[in-house]
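Read through the structure below, which is laid out as structure tokens, and then see the notes.
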Amino acid sequence: MGCCKVPALNSNSPQAKATSFMMEQQGGSFSPSFRDNNTLLQSFKIVILSNKLNLLLPFGPLAILLHYYLTDNKGWVFLLSLVGITPLAERLGYATEQLAYYTGPTVGGLLNATFGNVTELIISIFALKNGMIRVVQLTLLGSILSNMLLVLGCAFFCGGLVFSRKDQVFDKFLSLLLSVNTGECGCEFRIGFDGCYGLLFPAVLHYTHSEIHAGSSELALSRFSSCIMLVAYAAYLFFQLKTQPSPYTPLTEDMNQSEETSDDDEDPEISKWEAIIWLSILTAWVSLLSGYLVDAIEGASVSWKIPISFISVILLPIVGNAAEHAGAIMFAMKDKLDLSLGVAIGSSIQISLFAVPFCVVIGWMMGAQMDLNFQLFETATLFITVIVVAFFIQEGTSNYFKGLMLILCYLIVAASFFVHEDPHQGMLLFSMKNLLCNIDV
């Protein structure tokens with residue numbers, strides 16, 4: 001997830017409560033091994049069996065089987081891998097949130113930055129490894145667009161339907177986000193413009209043909225800008241978690257007042273080590289499925305007759321944003337628009353200022369020429385989206401009509417990429433065919 005609430009720990013630890021309760025119930029008559037087995041079973045029930053979305057988990061192994069026994073139709077392998085990754089992405093967000101209860105806000109913020117968008121990062125790294133630079137660019141771009149239009153739009157729409165007789169109100173700072181420097185989401189949108197700023201100049205440099213050294217200047221600018229963007233994101237985390245903690249305080253107090261029975265909700269459901277183990281298992285499983293997913297993209301594009309740009313910008317990010325989507329809608333339906341905005345906008349910031357430059361740096365290490373030139377059509381789409389969303393939230397209120405407008409904007413973006421012919425798609429297909437031929441040899 002992009003931005004989850006990380007409450008401070010008190011001296012009366014939830015683990016201590018759970019241990020004391022178990023000892024009272026069991027009267028010390030059971031062995032430690034029985035208690036360990038009981039704890040593991042309970043953890044499995046909470047993480048796997050308590051979420052209906054996990055009914056999609058068997059599609060992952062099925063995709064792997066089809067990869068080896070149905071090699072002629074990669075479309076099915078891609079579809080099943082996509083469906084199988086969806087519950088894993090949501091559970092990764094859940095496990096990260098559970099672990100954040102034990103780490104405090106500072107480490108919790110870093111965990112969210114790392115695991116909040118780990119699905120997109122894993123898919124991007126596999127694509128970079130296969131030389132599919134364009135897929136990496138489009139997937140990360142699509143994740144930003146999905147969070148800002150689809151996730152936020154669905155949150156506004158669902159929250160507006162539940163509270164249809166009034167406009168939902170979020171943090172008073174949001175109404176002044178374009179003119180002041182304080183406030184959580186105001187800071188996020190300012191740094192969101194900085195992310196667009198970093199993505200804009202490589203494209204401008206390319207299309208104005210003003211490079212000193214054709215090709216190399218654009219790549220050098222992208223790598224330098226990526227390092228600057230990572231520094232900016234580190235400064236953003238430090239600013240929010242250390243220098244400016246005050247915006248979180250009223251939000252936490254308001255939530256505590258509005259939920260008198262929230263003691264159970266405030267406590268973690270699994271222990272710290274259980275959360276770490278589940279994070280490791282889920283990350284490994286996502287990594288495995290991502291390999292099959294990336295290998296099947298070209299085949300799915302050919303068999304379905306769908307542009308790779310549409311698959312990368314629309315289909316892949318919807319899976320990666322499953323946790324953000326569910327969390328933002330849930331918070332909005334509980335009239336917690338501040339948290340919904342933190343999830344949607346915060347995740348967009350993580351992608352634009354962390355995931356994108358991180359992939360450029362990783363590609364640099366791999367010897368791949370990953371740059372920040374997302375091409376003119378894609379860069380313009382991102383810039384317009386940021387401006388549109390900024391105008392939608394500047395009043396500090398939301399309703400189902402605003403949410404519907406954002407969803408319709410996303411549908412227009414999706415239709416645009418469905419009919420958009422990526423100039424690099426032919427080169428991508430050629431490089432992938434060469435890669436497959438080398439593998440066969």
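Quick test for you: out of GLY109, GLY160, GLY104, pick the one residue that is at pLDDT below 80, among the small types (Gly, Ala, Ser) and farther than 30 Å from MET365 by Cα.
GLY104
Scan region 127-136 and give yes if some residue there is at pLDDT 85 or above, touching a Phe, Trp or Tyr at 6+ places or on another chain (Cβ under 6 Å) and open to solvent by 30 Å² or more (accessible area, probe 1.4 Å), otherwise no.
Checked against the condition, which is being at pLDDT 85 or above, touching a Phe, Trp or Tyr at 6+ places or on another chain (Cβ under 6 Å) and open to solvent by 30 Å² or more (accessible area, probe 1.4 Å), region 127-136 yields no hits at all.
Could you list, in sequence order, the residues of region 266-293 that are surrounded by fewer than 18 Cβ atoms within 10 Å (Cβ to Cβ) and part of a loop (DSSP other than H, G, I, E, B)?
Across region 266-293, the qualifying residue is only ASP267.
For VAL180, are the conditions met, namely being open to solvent by 20 Å² or more (accessible area, probe 1.4 Å), outside any helix (DSSP H, G or I), closer than 22 Å to ALA232 by Cα and at pLDDT below 80?
The answer is yes for VAL180.
Go through (1) at pLDDT 80 or above; (2) farther than 27 Å from ASP295 by Cα and name the single condition GLY367 misses.
Result: GLY367 fails condition (2) only.
Out of region 61-95, which residues are of a type in the set (Phe, Trp, Tyr) and open to solvent by less than 10 Å² (accessible area, probe 1.4 Å)?
PHE78
Going by what's in this entry, would GLY367 be described as without any contact (Cβ under 8 Å) to a residue 24 or more places away in the chain and on the phi > 0 side of the Ramachandran plot?
Criteria met by GLY367.
Condition (residue is under 20 Å from LYS74 (Cα atoms), surrounded by fewer than 19 Cβ atoms within 10 Å (Cβ to Cβ) and of a type in the set (Val, Ile, Thr)) applied to region 300-307: is it met by at least one residue?
Checked against the condition, which is being under 20 Å from LYS74 (Cα atoms), surrounded by fewer than 19 Cβ atoms within 10 Å (Cβ to Cβ) and of a type in the set (Val, Ile, Thr), region 300-307 yields at least one hit.
Across region 365-386, which residue is nearest to LEU138 (Cα to Cα) among those that are under 20 Å from the mean Cα position of the chain (by Cα) and among the aromatic types (Phe, Trp, Tyr)?
PHE374
The values are calculated or read from the model by the stated rules, or taken from the named source; none is laboratory data. Computed from a predicted model, the values in this text were never measured in an experiment. Note that we place each Cβ from the backbone using ideal geometry, even for glycine, and neighbour counts take in every protein chain shown. The area values use the complete protein model at the heavy-atom level, side chains included, leaving out ligands, DNA and RNA. Shrake-Rupley method; radii C 1.70, N 1.55, O 1.52, S 1.80 Å.
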